[in-house]
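Everything below concerns the one structure shown next.
The values are calculated or read from the model by the stated rules, or taken from the named source; none is laboratory data. None of these values were measured; they are calculated from a predicted model. All Cβ positions, glycine included, derive from the backbone under ideal geometry; neighbour counts span all protein chains shown. Side chains included, ligands, DNA and RNA excluded: accessible areas come from the protein's heavy atoms. Shrake-Rupley method; radii C 1.70, N 1.55, O 1.52, S 1.80 Å.
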Amino acid sequence: MIIDLPDTSTREIAKKLVQIREESGLSTIGRVLTLIVLTDHVRGSEAAIDAANEASREHPCRVIVVIRGRRADGDRLDGQIRVGGDAGAAEVVVLRTSGGLASQSAAIVTPLLLPDTPLAVWWPRHSPTLLSEDKVGRLARRRIVDSDTEGHPTDALVKRAAGYSPGDTDLAWARITHWRSLLAATLDRPPYEPITAATVCGPERAASVDLAGAWLASRLGIDVHRAVGPSMVVLERASGSIVLKQVSPTAAELHITGNSPTRVALVARSIADCLAEELRRMDTDGVYADALANFDRVIYTSASVR
């Protein structure tokens with residue numbers, strides 16, 4: 001069910017939410033968090049709403065989407081409420097703002113927050129430099145960005161590293177969870193030799209690949225080379241090399257010197273998958289923080305790998 005509330009106020013939207021719950025028998029008791037989505041793009045907002053709806057099947061929540069319009073236009077707030085089949089396991093409130101209201105996101109969303117539940121905020125793109133200093137970011141225990149959607153992902157990670165605060169995280173980080181798990185499991189097997197060199201390879205503009213390099217640098221204590229080419233990780237040690245290489249959209253091959261190649265499942269993760277993972281925890285991700293702290297140990301090379 002979708003209910004449009006043109007030229008309205010947050011008070012009227014809150015009253016309508018109560019009315020809908022009373023008439024339909026819905027309850028907020030099962031909502032485990034509030035997720036705020038901040039975007040300037042009307043066209044891209046539906047994709048963000050779809051991802052939030054899908055993630056809500058694992059984390060029932062209230063989703064508040066703020067679409068910030070032109071500040072040169074007159075002050076206006078248009079609301080929309082989605083429940084039932086149009087909202088996954090969530091209830092979705094879409095707020096389209098313009099004029100002076102476009103810069104008042106924190107004041108607008110505050111009356112709509114669920115009481116006694118943690119708050120997460122997600123910027124699908126164009127995130128602020130200091131997430132914890134943003135007016136909405138200050139309210140949140142979890143602040144989520146997606147450096148892969150920024151104009152220059154590597155610069156976005158530099159910004160994230162410089163302005164990091166506990167509670168910050170990145171969907172680019174969640175995209176490499178399976179890669180990190182496979183590599184960690186491989187290094188837990190004998191021979192237990194130190195890694196002497198490491199290279200990560202992938203598309204030129206891919207924050208997730210850059211973060212993989214930073215994570216390896218933080219775990220291994222060495223500089224990691226970043227190359228352009230097929231998605232793979234190459235680790236060198238005294239007995240030979242470990243190579244994890246994507247060979248299809250759903251699989252990778254693990255090559256270890258002295259062993260037969262092993263094929264493993266490695267499916268690309270959707271935005272909804274990554275968002276659901278980042279909503280599983282509201283505490284600080286220390287491993288992500290360590291990766292950002294070692295981002296300067298990722299050495300970019302001009303050579304391409306095939």
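At a glance:
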{"read-out": "Output for region 168-182, where each listed residue is closer than 16 Å to V121 by Cβ and either open to solvent by 40 Å² or more (accessible area, probe 1.4 Å) or not in a helix (DSSP H, G or I) (or both)", "value": "D168, T169, D170"}
{"read-out": "Filtered residues of region 108-144 (kept if of a type in the set (A, V, I, L, M, F, W, C) and within 15 Å of T284 (Cα to Cα))", "value": "L119, A120, V121, L131, A140, I144"}
{"read-out": "Residues of region 70-96 satisfying the condition of being acidic (D, E) and without any contact (Cβ under 8 Å) to a residue 60 or more places away in the chain", "value": "D73, D75"}
{"read-out": "Any pair with Cβ under 6 angstrom, 6 or more apart, that starts in region 97-116 at a residue that is within 13 Å of I67 (Cβ to Cβ) and ends at one that is part of a helix (DSSP H, G or I) and open to solvent by 10 Å² or more (accessible area, probe 1.4 Å)", "value": "I108/T10"}
{"read-out": "Unique residue being of a type in the set (S, T, Y), in contact (Cβ under 8 Å) with a residue 24 or more places away in the chain and not in a helix (DSSP H, G or I) when the list is S165, S132", "value": "S165"}
{"read-out": "Residue in region 72-114 that is most open to solvent (accessible area, probe 1.4 Å), counting only those that are β-branched (V, I, T) and either part of a strand (DSSP E or B) or under 15 Å from E12 (Cα atoms) (or both)", "value": "T110"}
{"read-out": "Residues being of a type in the set (K, R) and in contact (Cβ under 8 Å) with a residue 12 or more places away in the chain - total across region 188-216", "value": "1"}
{"read-out": "Boolean, S248 is open to solvent by 30 Å² or more (accessible area, probe 1.4 Å), within 20 Å of the chain's Cα centre (by Cα) and without any contact (Cβ under 8 Å) to a residue 12 or more places away in the chain", "value": "no"}
